[in-house]
Amino acid sequence: MVKREIIMLYLISLIAAAVPMILYLIIIWQFDFYNIKPFKFIFKIFMWGAIGAIFFAIIGSGIVSESLSLLIKKPTELNHISTIVIAPYIEEITKGIFLFITFSDKKVDFITDGLLYGSAIGLGFGMTENFLYFITYGHSFSQWFSIVVIRSLFSGVMHCVSTGTLGAFIGYSKFNPLKNRIIFILIGLTIAISIHFAWNLSVSMESTTAIGFLFMLVTILIFIFLYALAINTEKKMIFNELYEEFKNGLIPLEHLIILNSGTRNKSGWVDESIRKPYISASTTLAFRKMELKNSSGLSKTFYANDVEYYRQFIFNLLHINAKLE
């Protein structure tokens, strides 16, 4: 009977940990309307946070905590320092590893990609961490339920916000000279660690828990605002870059307007057989043109070739389709 209850606890805890984080992931993924990525790819990033980042975080925290135990003999004091100080540093760095690897790819676009990828990693990390908390500290149903609510609404989302912020700075760094990129990445990492540190510190003491919830709520609202702002900036950039293609005769004016509106996902404005590749190629062309303007050396050559490739691809789509009609 006890074994069955344990299995039920694990199963229910897994569902309680996974469902909110995956729902958040879907909302954030669909929010980037103008440059939506395949969900399969985003889910892989999510799973890195859930498995890979957690694995390295546990190892890293264990090594640092063991080293500190040589200096700090009181277990409660060591645990306090590990939670408030060590965890934010180790966890944000391990969550950020995949971001650094991903953004080394020249085909990663704009700040919103960083926000999305970082948020996905943070949500995956939060899912696994929540699950471990649910099965460890839920000694009664009321206690278990309160932990589920608090961690689903705040702690798990904190990981999303902190790593999403780091991702935004890494994404922004791509549009700056090489000498400034490290500075922006370090700023993003510092802010991510600070958000994590402030949350852990505030909820570690009963007297400041309410302040912690308020801080996290404000931080989440700011994050949502900045995400919306980044997407709006992305929309303007796409329009401006494609406007040049309209002036050069590649993209018709009516298409330019539709490509920057919700109607682009509706049939009827262009042949249905080319609509999706046309949208994808046009959006990618806009990003490559922006990246070309902010690159040098081999990267500049790569982006220049990509710009010409997508121009030719779009020309062939429209030209061949016009002939068939």
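The values are calculated or read from the model by the stated rules, or taken from the named source; none is laboratory data. For clarity, every value in this text was computed on a predicted model and none was experimentally measured. Cβ atoms come from the backbone with ideal geometry, glycine included; neighbour counts cover every protein chain shown.
None of Val218, Val148, Val161 is under 20 Å from Met47 (Cα atoms), at pLDDT 90 or above, assigned to a helix (DSSP H, G or I) and out of contact with any Leu (no Cβ under 7 Å at 6 or more places or on another chain) except Val161. Can you say whether Lys44 is surrounded by fewer than 24 Cβ atoms within 10 Å (Cβ to Cβ), farther than 26 Å from Leu14 by Cα and of a type in the set (D, E, K, R), as far as the supplied structure shows? Answer is no for this residue. Count of the range 96-110 residues, restricted to those that are surrounded by fewer than 24 Cβ atoms within 10 Å (Cβ to Cβ), over 20 Å from Phe302 (Cβ atoms) and modelled with pLDDT under 85, is 1. Scanning the range 291-310 turns up one or more residues that are of a type outside the set (S, T, N, Q) and in contact with a Phe, Trp or Tyr (Cβ under 8 Å, 6 or more places away or on another chain).
Hey, can you tell me all the residues within the range 287-322 that are among the small types (Gly, Ala, Ser) and at pLDDT 90 or above?
The one that is among the small types (Gly, Ala, Ser) and at pLDDT 90 or above: Ala304.
In the range 117-135 there is no residue matching the filter, namely being modelled with pLDDT under 90 and surrounded by 13 or more Cβ atoms within 10 Å (Cβ to Cβ).
Only one entry of Lys276, Lys293, Lys266 meets the criterion of being under 27 Å from Leu178 (Cα atoms) and free of Cβ contacts under 8 Å to residues at least 12 places away in the same chain, and that entry is Lys293.
Evaluate the range 227-243: report whether one residue or more is among the acidic types (Asp, Glu), touching a residue at least 12 places away in the same chain (Cβ under 8 Å) and in a helix (DSSP H, G or I). Working first, answer last.
Of all residues in the range 227-243, those among the acidic types (Asp, Glu) come to 234, 241.
Still in the list and also touching a residue at least 12 places away in the same chain (Cβ under 8 Å): 234, 241.
Subset that is in a helix (DSSP H, G or I): 234, 241.
So far as the range 227-243 goes, yes, one or more of its residues are among the acidic types (Asp, Glu), touching a residue at least 12 places away in the same chain (Cβ under 8 Å) and in a helix (DSSP H, G or I).
Just so you know, in the range 260-281 the residues that are of a type outside the set (A, V, I, L, M) and not in a helix (DSSP H, G or I) include one that is modelled with the lowest pLDDT, and it is Ser261.
Only one entry of Ile51, Ile93 meets the criterion of being under 21 Å from the mean Cα position of the chain (by Cα), assigned to a helix (DSSP H, G or I), β-branched (Val, Ile, Thr) and surrounded by fewer than 16 Cβ atoms within 10 Å (Cβ to Cβ), and that entry is Ile51. With respect to Gly167, is the statement that it is within 22 Å of Tyr34 (Cα to Cα) and either crowded, with 19+ Cβ neighbours inside 10 Å or of a type in the set (Ser, Thr, Tyr) (or both) true? The answer is yes for Gly167. If you check Thr190, Thr284 for being crowded, with 19+ Cβ neighbours inside 10 Å, in a helix (DSSP H, G or I) and of a type in the set (S, T, N, Q), only one passes: Thr284. Put simply, of Ile84, Ile93, Ile111, Ile72 the only residue that is over 21 Å from Trp48 (Cα atoms) and in contact (Cβ under 8 Å) with a residue 24 or more places away in the chain is Ile84. The numbered conditions (1) at pLDDT below 90; (2) within 30 Å of Lys276 (Cα to Cα) are all true for Val2 except (2). When restricted to residues that are closer than 17 Å to Ile193 by Cα, β-branched (Val, Ile, Thr) and surrounded by fewer than 17 Cβ atoms within 10 Å (Cβ to Cβ), the range 54-80 contains 1.
Can you tell me which residue within the range 170-187, out of those that are surrounded by 21 or more Cβ atoms within 10 Å (Cβ to Cβ) and not aliphatic (A, V, I, L, M), is nearest to the chain's Cα centre (by Cα)? Of everything passing the filter in the range 170-187, Gly171 is nearest to the chain's Cα centre (by Cα). Only one of the numbered conditions (1) at pLDDT below 90; (2) under 30 Å from Asn294 (Cβ atoms); (3) out of contact with any Ser or Thr (no Cβ under 6 Å at 6 or more places or on another chain) is violated by Ile42, and that is (1). Residue-level analysis places Phe213 outside the set of residues that are touching a residue at least 12 places away in the same chain (Cβ under 8 Å), hydrophobic (A, V, I, L, M, F, W, C) and either outside the structural domain of Ile26 (by TED's automatic domain parsing) or outside any helix (DSSP H, G or I) (or both).
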